[in-house]
Amino acid sequence: MQSIKKTSKFLWVCFGLMLTACLFTESAWAHGERSQEPYLRTRTVQYYDVHYDKKTVKVNEEFTLVGKFRLMQDWPDAVSLPETVFLSAYSPGPMITRVESYLNGVPARQSFSKLELGRDYEFKLIMKGRVPGRHHIHPLLSIKGSGPLVGPGQWIEVTGNKADYVLPVTTMNGTEIENIEFYGTSRALKWYGVWISLAAFWLLFWLVRPLLLPRWMALQKGREDVLISTRDITVGVILGVVVVAISFGGYFYSKKEYPYVVPLQAGTNKVDPLPRQKAEVQVVVIKANYDVPGRAMHITARMTNNGSEQLSILEFATANLRFVNQQAPGADTAVSADYPRDLVARDGLGLSDQKPLMPGETRDIKFEASDALWEVERLVSFLTDVDSKFGGLLFFVDKSGKRIITEISGPILPTFTAL
Amino acid sequence: MNTETLQHPRGAAAGKAHAVETVLSVSGLSPQAAHFSRVFELMVVAAIILLFTGAIHLHVLLLAGDWDLFLDWKDRQYWPLLTPVVMIMFPAALQGIFWTFFRLPIGATVGATCLMVAVCITRPASFMWWTDYPLNLVLPAQMIAGAIVLDVFLLVFRNALFTAIFGGFAFAFLFYPSNYTIFAPFYVPVSHQGMMASMADLIGYVYPRSATPEYIRIIERGTLRTFGDSASWVSALFGGFICIFMHYAWWYLGVTMSSMKFLPNNTKVMALMGTKADA
């Protein structure tokens, strides 16, 4: 008796704790990408020049997301190569709908195959507001075998009434569909009703009689003759014939009703990357540290200017974070107004030497990317990385404002004392 | 007692002599006992509906999964092949149980109806109301047509083997035509961004599912290309062939799982159980 009381008390306490835990749970609205490992986000797909043309749209109003991405040459071994990819928008469900998408101008409804490492691609996504609310939207490249790699996310406010959403479509045989959202649904529900009615008839035909115990007892006495009668067989056969007739009759009628049908489209597209920029700058990492208490990445790199113009370091970007050198020419316009401000480092990029790199010059430059963003974005778990390296894009700018993009990558060591 | 075959009642001389007898009178239950038996049956029916609605739904979700869930997975190769092969398992087991112990030819229909009840609840609830997806993206296939025919074959043949051969085959073969009437409008072609797509492809594209990129679809792969647009019938035929064996195996699995087994009361078993035999 005592142990029963104790156990009962214990169970009530557990139940109470569970209820309490449920009260204090938070909803997850955005930033799921922070759970991905640092090497996945810093050394695979680097997004840049990402622009959202609107931050507030009404239901049915279109908005456009454009940008570019580089597939890093130093692709991690633990991540599948981009043999098959799919371009999309990352959203919390169908809060927005896709209208059109393009990769280097090629329609992107289907997946692409054999994208090249070390090359750039341009994307364009046209979307439409559907469900009112505030939704976090990212550009998304999914890689077969590895999963989604997202670009910088932006909060998009959708206003209006969800019931007003329409997406009209005209089929290739001229049929106009008012709203794709309800297409085919009433027909399907009618057919479900037909089949459920037939099933209900058959089940009720047997359920109205003694069902279990009497039948079992009769069977035990060897009186199977009273369990199934001629009438039962007749009704069953007629029902079977009716079912087959409806199945094939409906099939042939549907064939006539929709004479032109196509199978699901399963192929992949191919697309050439953007033209390769001339390799005007060569960057080799000499040393890279992450200062854990200082939340700063210190990189020393040997840079060689192979071009004909002097170059200044404008920006270091990785995993959608941007560290802009405020003293470089064009720094004030480097980050567009629509770029998510929570991904831009407040203090920007610090350099050991602000002098531009002259044509033909080779110099070791140390730069520091310091911001709490590293921790907020959970990019500092180097101790748990299987491949302790970092990657990113380095943007240079010449006197005319022309931008040169280079990849930078190398091993990184975390340090736990202030540097 | 031979639980597999039954002499036809019209051929039984005893049938004529006992023409006015009913199941209740043969069972020997008193009216009060019959009443309580009926109440018990209704409770069992409710329990079976609850239990098998959940079980068969989980089973189909795990095995057939995306082919049954999404419109843009219903192709001509994998869908007509995999879905009936997966969906026949529980109905076959239920048939085995209901027929063996009660001579009730309703097992397959019970399974199919329970699945229909489950998806009629979960698809609107999970996709439409919870996550705002349109219902046409997640319309389920039905297997009631094949299940009724499977039950009718059992009723006529009264034999597990013939039911498996003819009924199991028919279950899979009927799957495609009986569902084509529902899904035919979704194979109508549209031009999207200058490329041809079916309405199913377009609906799948328009409503983003971030965790299921397009390349994940296992559709229209492999050969069967020499059959042109008859690939679906080849899949249906092959599915029927597999269903024969699947039905037979799951019939006996159902009967075995619902049978009582006893261990003999000897010293070996007692030693195995860790109890000491009497001196």
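Computed from the coordinates by the stated procedures, all read-outs in this text should not be read as laboratory data. Just so you know, these numbers come straight off a predicted model, no measurement behind them. All Cβ positions, even for glycine, are placed from backbone atoms using ideal geometry, and neighbour counts span all protein chains on display.
In whole Å, how far is the Cα centre of the stretch B:236-279 from that of the stretch A:124-161?
Taking the Cα centre of the stretch A:124-161 as reference, the centre of the stretch B:236-279 is 53 Å away.
Select from B:Asn266, B:Asn136, B:Asn179 the residue whose mean-square fluctuation is largest in a Gaussian network model of chain B (Cα-Cα springs shorter than 10 Å).
B:Asn266
If I model a spin label at A:Glu116 and A:Ala337 as a point 7 Å from the Cα along the Cα→Cβ vector, what separation in nanometres do I get?
Between A:Glu116 and A:Ala337, the simple spin-label model gives 3.8 nm.
For labels at A:Thr64 and A:Val376 in the simple 7 Å Cα→Cβ model, what's the distance in nm?
With each label point 7 Å from Cα toward Cβ, the separation is 3.0 nm.
Working from the pairwise distances between different alpha carbons, so that the mean of 1/r is found and then inverted, what is the stretch A:348-419's Kirkwood radius in Å?
14.8
Using 7 Å Cα-to-Cβ label points, what is the B:Ser191/A:Thr415 separation (nm, one decimal)?
About 6.4 nm separates the two model spin labels.
Pull up the DSSP beta bridges for the protein assembly as shown and report the antiparallel fraction as a percent, rounded to 5.
Of all bridge pairs located within the protein assembly as shown, approximately 90 percent are antiparallel.
Where a Cα-Cα gap under 18 Å defines reach, which lysines qualify for A:Lys402, not counting those fewer than 8 residues away within the same chain?
Counting by Cα, and skipping residues close in sequence, A:Lys402 has these lysines nearby: A:Lys68, A:Lys278, A:Lys355.
Springs between alpha-carbon atoms under 10 Å, Gaussian network over chain A: tell me which of A:Thr234, A:Thr362, A:Thr185 tops the mean-square fluctuations.
Judging by the Gaussian network model, the answer is A:Thr234.
Which three numbers, in whole Å and largest first, are the semi-axes of the equivalent ellipsoid of the stretch A:32-173 derived from its Cα gyration tensor as √(5λ)?
In descending order the semi-axes read 28, 17, 13 Å.
Give me B:Trp79, B:Trp130 sorted ascending by neighbouring Cβ count inside 10 Å, so fewest comes first.
B:Trp130, B:Trp79
I'd like the FRET efficiency for B:Trp233 and A:Asp77, computed as 1/(1 + (r/R0)^6) with the beta carbon distance as r and R0 of 41 Å, rounded to 0.05.
Here the calculated transfer efficiency is 0.35.
What ratio of Cα Rg to 2.2 N^0.38 Å holds for the stretch A:184-257?
1.53
Counting only residues 5 or more places away or on other chains, whose amide H sits under 5 Å from the amide H of A:Asn269 once H atoms are built in the peptide plane?
A:Ser111, A:Phe112, A:Ser113
Using only alpha-carbon positions, what ratio does the radius of gyration of the stretch A:281-415 give when scaled by 2.2 N^0.38 Å?
That ratio works out to 1.02.
Classify the stretch B:82-122 from the C-alpha gyration tensor, please: rounded if a/c falls under 1.5, else prolate or oblate depending on whether a/b exceeds b/c. Each step should come with its number before you reach the end.
Working: a/c = 3.55, a/b = 1.60, b/c = 2.21.
It comes out oblate by the Cα gyration axes.
Check which residues have an amide H placed less than 5 Å from A:Tyr90's amide H, if you skip close sequence neighbours.
A:His138, A:Leu140
Using a 10 Å Cβ count of at most 14 others and DSSP loop calls, identify the longest part of chain A lacking such chymotrypsin sites (Phe, Trp or Tyr not before Pro).
Details: sites that count: A:Phe24, A:Trp29, A:Tyr260, A:Phe416.
Here the longest segment lacking exposed loop sites spans A:30-259.
Could you work out how far helix A:230-257 tilts from the main Cα principal axis of chain A, as a 0 to 90 degree angle to the nearest 10?
It works out to around 40 degrees.
Which FRET efficiency, nearest 0.05, do A:Glu257 and A:Thr170 yield, Cβ-Cβ r, R0 22 Å? Intermediate values should be presented prior to the final figure.
Working: r = 18 Å, r/R0 = 0.82.
FRET efficiency, A:Glu257 to A:Thr170: 0.75.
On C-alpha positions alone, give me the angle between the axis of helix B:89-102 and the longest principal axis of chain B, in degrees, nearest 10.
20
Pick from A:Met217, A:Met172, A:Met72: which residue has the top mean-square fluctuation in a GNM of chain A where Cα pairs under 10 Å get a spring?
Evaluated over chain A, the most mobile residue of the options is A:Met217.
Between helix A:2-23 and chain A, what is the angle of the helix's C-alpha long axis to the longest principal axis, kept within 0 to 90° and rounded to the nearest 10?
So the helix axis and the longest Cα principal axis differ by about 60 degrees.
Counting helices only, and only those DSSP H runs with n ≥ 4, report the 222 nm mean residue ellipticity of chain A as the sum of -39,500 (n - 2.57) divided by its residues, in deg cm²/dmol to the nearest 500.
Numbers: 6 runs with 90 residues, N = 419.
Only helices count here, giving -7000 deg cm²/dmol.
If R₀ is 30 angstrom, what is the calculated FRET efficiency for the pair A:Lys162 and B:Leu61, using the beta carbon separation as r and rounding to 0.05?
The formula returns an efficiency of 0.60 here.
Neighbouring Cβ atoms within 10 Å as the yardstick, rank A:His51, B:His247, B:His59, A:His138 fewest first. The partial results should precede the final answer.
Details: A:His51 13, B:His247 30, B:His59 17, A:His138 25.
Fewest-to-most ranking of A:His51, B:His247, B:His59, A:His138: A:His51, B:His59, A:His138, B:His247.
Taking the alpha-carbon distance from A:Lys255 and a cut-off under 21 Å, which lysines remain once sequence neighbours fewer than 8 residues away in the same chain are dropped?
Excluding near neighbours in sequence, the set is A:Lys190, B:Lys74.
Report, largest value first, the span of the C-alpha coordinates of chain A along each principal axis, in whole Å.
Rounded to whole Å, the extents work out to 102, 77, 42 Å.
Need the full-extension length gain, A:Arg276 to A:Ser229, defined as separation in residues times 0.36 nm minus the C-alpha distance. One decimal, nm.
8.8 nm
When averaged across all projection directions, what area in nm² does the alpha-carbon convex hull of the stretch B:27-259 cover?
Numbers: hull surface 60.2 nm².
Its Cα hull, projected and averaged over all orientations, spans 15.0 nm².
Among A:Val235, A:Val85, A:Val226, what is the fewest-to-most ranking by other Cβ atoms within 10 Å?
Ranked by crowding around the Cβ, least crowded first: A:Val235, A:Val226, A:Val85.
Starting from the Kirkwood radius over alpha-carbon pairs of the stretch A:70-111, derive D by Stokes-Einstein at 25 °C in a medium of 0.890 mPa s and give it in µm² s⁻¹.
194
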